[in-house]
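Values in this text are rule-based calculations from the coordinates and carry no lab data. This structure is a prediction, so every number in the text was calculated from the model and none was measured. Quick reminder, even Gly has a Cβ in these numbers, built from the backbone with ideal geometry, and neighbours come from all protein chains shown.
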Amino acid sequence: MPDPDLAVTDLLVAHRKGEPGAFDRLVEVVYDELRGIAHLQRRGERQNADPQTTALVHELYLKLADRSGDWKDRGHFFAACATAMRHILIDAARRRTREKRGGQHEDLPLDDASQGAEGDPQWLMRLELLMQELEQHDARMVRVFECRYFAGYSNQETANALDLSFRTAQRDWDRARAWLKRELATTVRA
């Protein structure tokens, strides 16, 4: 049985070289996994919130299809997908907030990757702003947080995707989560 990781990496290389149809074949191979990531990111969203899981994967496709694809392997590709999905959800949250100002903030834990992106668009936008602020100080910590929180990766999967040691991934996850929790609490009180 062929190694699925190798097949994905081969398709990534073909896409990077500009082989026609390589990206479409790649998406066919990883579609179910992309839906899993999208579902995880949407966990906590209202059922009728946009974009739906399938629509999120399709928006991701449109966003990534024209890129040359500098992804080196499967883990790196999925980490990039999680980041792109996060941006799509943030844009959707901004649209919802523009349409409907107000709403109550729900303080949500950052402890469990299974929480995914929460349904409160204002909370999600605050999280995004804080992640942008953190990225100015430590971009790697933000990449680790994205992998763990938005893609649902374990510490080992995160370490592999980002070419880090297990301990570095674990430490960055703990630090990013602590910093974001503290800053979210501060913005709630302000």
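Highest first, please rank the peptides 11-18, 88-95 by the mean number of other Cβ atoms sitting within 10 Å of their residues.
Peptide ranking by packing, descending: 88-95, 11-18.
Using the number of other C-beta atoms within 10 angstrom as an exposure proxy, rank Thr83, Thr158, Thr9 with the fewest first.
Thr83, Thr9, Thr158
For region 124-186, state the semi-axes of the equivalent ellipsoid (square roots of 5 times the eigenvalues of the alpha-carbon gyration tensor), sorted largest first and rounded to whole angstrom.
Over the Cα atoms of region 124-186, the semi-axes work out to 20, 11, 10 Å.
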